[in-house]
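Below is one structure, written out as structure tokens; comments come after it.
The values are calculated or read from the model by the stated rules, or taken from the named source; none is laboratory data. Quick caveat, the model's predicted, so the values are computed rather than measured. Backbone-built Cβ (ideal geometry, glycine too); neighbour counts: all protein chains shown.
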Amino acid sequence: MNRFNPKHTPGFATLKLILAAIVMALILTVQARAQDTRTIVDDTGVEVTIPVNPQRIISGHDLVITIPMIELGVFPVGSHGRGETLEEAFIRGSAPLTGVDFDNSDIEWVGNRPIEVERIAAQNLDLIITTAWQPADVEQLRLIAPTFVVDISTRDEWSVFDLLADLTGTDASLELLKRRYQIHIDAIRDEINTGAMTISTIHAYEGQLFAYNPYGTIGKVLIDAGFDRPDLIENAKQNVIEEFSAELMPEFDGDFIITTYRSSAGYTPDAVRGYFEGVLPGYCDVLHACRNDQMYFLSRAEAAATSYAALIQTAYTLRTILGGRTFVPLAD
């Protein structure tokens, strides 16, 4: 006669790991009484009690959380990453920006979408920082360790740096990053009459036209340096990708247009040109910037990352391609 054995039921291993994590959390709670903790409210309105000086942190998003942490000098013990297996896993954008990835650090891959509760529970951690985009069950994560949820749709994307610096006690490191970036912005303003240029940022893919305000590092540099942008972009909701019809493409024109290609997936500028052609055949004759060779294609890995290294690279790139040159202005 076959007997019921709970060890053979689906999810038993996961349950064991979660129970073990709860026991560890209780132990850490007792230990925390001998150290300082504080209570803060995350972006979903939940109060979270965290260590004042967390040492072992899990990141729930590579671009938004992991890269900023590394730039602040704090390495998470585990991170969300792209790919579906450990062999495929990588921290998107991190290698060219920080030099750090799973293959040359002690950061453990804890899954993609969703991050895996089993992998997280196996870590001896004291804080989880994740995003509202991450589909992992937040209540399960909260059973393992204090969990702070970041919601980019309700905050300035770059305020994540201030948040992470506060959570990890690295405010001094952040001030150095901000100072370096501001020096580059000041140089752009000194060398270029930014208020006299309209710079547009649009994106085409598989027959669709998209705009994103502010469009990652490119948009932030354009705003901070004082460049004008088309009204459709200026008035778009922040941090939300919006789709537009092909008929509106001329309204995204400018003295210059900047778009991106996904170099990490092997795409090239020619692929993006093909996407624009698919949205509006003959687009380059329609758009003033393209017609006058004033349309530029930048790598999206740097443009999409929440990274001061990427900001500085982007600022230098725009200063180089826009400064000290003559151009054909878009007619009013």
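Tabulated values for the structure
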{"item": "Top-ranked residue in segment 195-217 [being part of a helix (DSSP H, G or I) and buried (at least 19 other Cβ atoms within 10 Å of the Cβ); ranked as farthest from the chain's Cα centre (by Cα)]", "result": "Thr217"}
{"item": "Neighbours by Cβ (under 7 Å, 6+ apart or cross-chain): first from segment 146-170, at negative phi and not assigned by TED's automatic domain parsing to the domain that holds Asp42; second of a type in the set (S, T, N, Q) and surrounded by 15 or more Cβ atoms within 10 Å (Cβ to Cβ)", "result": "none"}
{"item": "Residue match in segment 35-47 (condition: farther than 17 Å from Ser264 by Cα, surrounded by fewer than 21 Cβ atoms within 10 Å (Cβ to Cβ) and modelled with pLDDT under 95)", "result": "yes"}
{"item": "Cβ-Cβ under 6 Å pairs, at least 6 apart or on other chains, segment 239-256 side basic (Lys, Arg), far side at pLDDT 95 or above", "result": "none"}
{"item": "Complete set of residues in segment 221-250 that are surrounded by 15 or more Cβ atoms within 10 Å (Cβ to Cβ), more than 20 Å from the chain's Cα centre (by Cα) and part of a helix (DSSP H, G or I)", "result": "Ala225, Leu232, Ala246, Met249"}
{"item": "Qualifying residue in segment 150-169 (condition: touching a Gly at 6+ places or on another chain (Cβ under 9 Å), at pLDDT 95 or above and under 30 Å from Ala236 (Cβ atoms))", "result": "yes"}
{"item": "When residues of segment 280-304 are limited to those that are among the aliphatic types (A, V, I, L, M), crowded, with 21+ Cβ neighbours inside 10 Å and in contact with an Asp or Glu (Cβ under 9 Å, 6 or more places away or on another chain), the one nearest to Ile199 (Cα to Cα)", "result": "Ala289"}
{"item": "Answer from Phe102, Phe12, Phe4 - the residue that is among the aromatic types (Phe, Trp, Tyr) and at pLDDT 95 or above", "result": "Phe102"}
{"item": "Only listed residue being closer than 30 Å to Ala95 by Cβ, outside any loop (DSSP other than H, G, I, E, B) and touching a Pro at 6+ places or on another chain (Cβ under 7 Å), chosen from Ala310, Ala301, Ala271", "result": "Ala301"}
{"item": "Criterion violated by Asp255 - all others in (1) of a type in the set (Asp, Glu); (2) under 17 Å from Gly195 (Cα atoms); (3) surrounded by fewer than 20 Cβ atoms within 10 Å (Cβ to Cβ) satisfied", "result": "(3)"}
{"item": "Selection within segment 283-298 - outside any helix (DSSP H, G or I), of a type outside the set (A, V, I, L, M) and touching a strand residue (DSSP E or B) at 6+ places or on another chain (Cβ under 8 Å)", "result": "Gln294, Tyr296, Phe297"}
{"item": "Criterion violated by Gly324 - all others in (1) surrounded by 15 or more Cβ atoms within 10 Å (Cβ to Cβ); (2) outside any helix (DSSP H, G or I); (3) in contact (Cβ under 8 Å) with a residue 60 or more places away in the chain satisfied", "result": "(1)"}
{"item": "Cβ pairs under 7 Å, 6+ apart, first in segment 96-121 and free of Cβ contacts under 8 Å to residues at least 24 places away in the same chain, second surrounded by 21 or more Cβ atoms within 10 Å (Cβ to Cβ) and outside any loop (DSSP other than H, G, I, E, B)", "result": "Asp101/Ser94; Phe102/Trp109"}
{"item": "Only listed residue being at pLDDT 95 or above, charged (D, E, K, R) and closer than 30 Å to Val160 by Cβ, chosen from Arg319, Arg262", "result": "Arg319"}
{"item": "Those residues of segment 197-253 which are among the hydrophobic types (A, V, I, L, M, F, W, C), at pLDDT 95 or above and more than 25 Å from Glu277 (Cβ to Cβ), in sequence order", "result": "Met197, Val221, Leu222, Ile223, Ala225, Phe227"}
